[in-house]
1. Regarding Leu183, is this residue in contact with a Cys (Cβ under 8 Å, 6 or more places away or on another chain) and touching a residue at least 24 places away in the same chain (Cβ under 8 Å)?
2. Could you say which residue among Val19, Val43 is buried (at least 19 other Cβ atoms within 10 Å of the Cβ), modelled with pLDDT of 95 or more and under 16 Å from Leu120 (Cβ atoms)?
3. State all residues of region 127-149 that are within 20 Å of Leu16 (Cα to Cα) and β-branched (Val, Ile, Thr); if no residue qualifies, say none.
4. Looking only at region 80-106, which residues are modelled with pLDDT of 85 or more and either more than 29 Å from Arg28 (Cα to Cα) or crowded, with 16+ Cβ neighbours inside 10 Å (or both)?
5. Determine, yes or no, whether His177 is touching a strand residue (DSSP E or B) at 6+ places or on another chain (Cβ under 9 Å) and under 19 Å from Phe73 (Cα atoms).
6. Give me the residue from region 57-79 that is among the polar types (S, T, N, Q) and at pLDDT below 95 and, out of that set, surrounded by the most Cβ atoms within 10 Å (Cβ to Cβ).
Amino acid sequence: MDRTPPERDRVLESYLDGVAAVRALAARCADWTLSTPCPDWRVIDLAGHLRCVAENYLEYLQDAPDSRLAHLFAQDAASAVLIRQQARQNAAELAVLPAESGPERIIAFAVSAGAYADLLPDAWDRTYLLYRGTKYTAGDHAGAACLEWHLHAWDLARAMGADYRPTDPDVLVAAWHWGVPHLPLRQGDPWAAVLCSSGRSPDWSRERPASRLIPR
């Protein structure tokens, strides 16, 4: 595995690009009941997930290195266990969200994602969590946030019958190694590798729902 961390400026730029992409695509959505590449999730559910994850990331950054996420990774669990635990958390958080419109959920997402971006530069080198003896900083985990926003931008685009590819997919490959240490990354075209490694099928459409993604 390439142990070279991604460049700070590129990660920060990619993060903001991902947030902007989610907002732009959501602004074009006319039907929030559309199916997405995430099984059993409509676009309205994906918007709720985005809100929850952005709020969680902000909380984890503020609480580092003693966050709920840090305690989870400190258990040194296998990747499959971590995925299942995160999937259960996703479902539980969605279940208790208040009744909101899609645009309202995206606004809440943007507020928390923006607050995270404001705090990140000063917290960049702070210990974020320990996983299997390796220290990961807040800057390392920012890669996971970049991946989350760009992957879900792709989900939104595909739900609406369009496509999405980030401007700088190469930085997401480096970000994966440092932001998602418990999951291996496939080889090949950088964006296709990220999609496939996240459990998505690059040719997914509503007519061909091939992906069996476990939502993250």
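1. no
2. Working: Val43 fails: under 16 Å from Leu120 (Cβ atoms).
When all the criteria are applied, what remains is Val19.
3. Thr137
4. Hits for region 80-106 are Gly102, Arg105, Ile106.
5. no
6. Per the stated criteria, the residue is Ser67.
Here is a yes/no grid of residues against (1) within 18 Å of Tyr60 (Cα to Cα); (2) out of contact with any Leu (no Cβ under 9 Å at 6 or more places or on another chain):
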| site | (1), (2) |
| --- | --- |
| Tyr131 | yes, yes |
| Trp149 | yes, no |
| Ala157 | no, no |
| Arg165 | no, yes |
| Val171 | no, yes |
| Val180 | yes, no |
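Conditions tested, residue by residue: (1) in a loop (DSSP other than H, G, I, E, B); (2) touching a helix residue (DSSP H, G or I) at 6+ places or on another chain (Cβ under 9 Å).
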| position | (1), (2) |
| --- | --- |
| His71 | no, no |
| Arg84 | no, no |
| Ala91 | no, no |
| Leu97 | yes, yes |
| Phe109 | no, yes |
| Ala113 | no, yes |
| Asp118 | no, no |
| Pro121 | no, yes |
| Ala145 | no, yes |
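The values are calculated or read from the model by the stated rules, or taken from the named source; none is laboratory data. From a predicted model like this one, the values you see are computed outputs, not experimental measurements. Neighbour counts are summed over all protein chains in view; Cβ atoms, including those assigned to glycine, are modelled from backbone coordinates with ideal geometry.
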